[in-house]
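Some notes on the structure that comes next.
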Amino acid sequence: MFRAPRRLCCVFSLAFLFISITLGAEDAIPAPVLPKDVDPLPADMEKQMKDLIRNAERYRGLIKKHPVACGSLGKAGLKKKMRQAFDEELPPEKMNPLEASLKAFGFIPEEMVLSKYFPELLTSQVGGFYDPRRKYLVIIQDGDGVLGVEAKKLYGEELTRRMEQTVMVHELVHALQDQHFNLQKFAIDDPLSDEGA
């Protein structure tokens, strides 16, 4: 039986250990980058994200495999991103039958142009989103903080802060899910199918 010299075994062991450590390192997988039209998070929010990712990991039982690109947008930037998403996800060949069926069943008025209305509606309701195609997360900054000045007036400083953290953890959970399960493979091509509904 062939036995490798002890010194050679040590070299192979060290090489294997080095490769294992290198491949397992957080920066072995390059961190996704933010698109140029997305602003970086403000410093205080960036600091919060580090704590919130740990909470999201505990909450979902999924450990971060690599950093999550996090940024912020205002309402105008969100509107642009929503239009982009609709153009990609629901091009006219999908949107037109969807609109026709919703009108046929009386779910939307005949004069409504769904391709214009739907992005507007979602823009008014979104506090953040995770983009599984481009692998980045965005928190919407509306004036002062994620929920804006009005939320602070209505709910107070502490409750508003907790609600904002809930939005951030929710989006971080999507990022963790994507790192573990690839959310793109769950994308639904036909919004009119039973699965899509």
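Please go through the range 116-139 and pick out each residue that is touching a strand residue (DSSP E or B) at 6+ places or on another chain (Cβ under 7 Å) and at pLDDT 90 or above. GLY128, PHE129, TYR130, LYS135, TYR136, LEU137, VAL138, ILE139, listed by residue number. Inspection of the range 169-185 identifies at least one residue that is part of a helix (DSSP H, G or I), closer than 28 Å to ARG58 by Cα, open to solvent by 70 Å² or more (accessible area, probe 1.4 Å) and touching a strand residue (DSSP E or B) at 6+ places or on another chain (Cβ under 9 Å). Restricting to the range 125-167, give me the number of residues that are open to solvent by less than 70 Å² (accessible area, probe 1.4 Å), assigned to a helix (DSSP H, G or I) and hydroxyl-bearing (Ser, Thr, Tyr). Count: 1. Please tell me if LYS94 is in contact with a Pro (Cβ under 7 Å, 6 or more places away or on another chain), more than 21 Å from THR160 (Cβ to Cβ) and buried (at least 18 other Cβ atoms within 10 Å of the Cβ). Against the criterion (in contact with a Pro (Cβ under 7 Å, 6 or more places away or on another chain), more than 21 Å from THR160 (Cβ to Cβ) and buried (at least 18 other Cβ atoms within 10 Å of the Cβ)), LYS94 does not qualify.
Counting only residues that are touching a helix residue (DSSP H, G or I) at 6+ places or on another chain (Cβ under 8 Å), charged (D, E, K, R) and not in a helix (DSSP H, G or I), the range 75-123 holds 1 of them.
The values are calculated or read from the model by the stated rules, or taken from the named source; none is laboratory data. None of the values given here were measured: they were computed from a predicted structure. Positions of Cβ are generated from backbone atoms using ideal geometry, with glycine treated the same way; all protein chains shown enter the neighbour counts. To get the accessible areas, we keep the full protein, side chains included, count just its heavy atoms, and leave off ligands, DNA and RNA. Shrake-Rupley method; radii C 1.70, N 1.55, O 1.52, S 1.80 Å.
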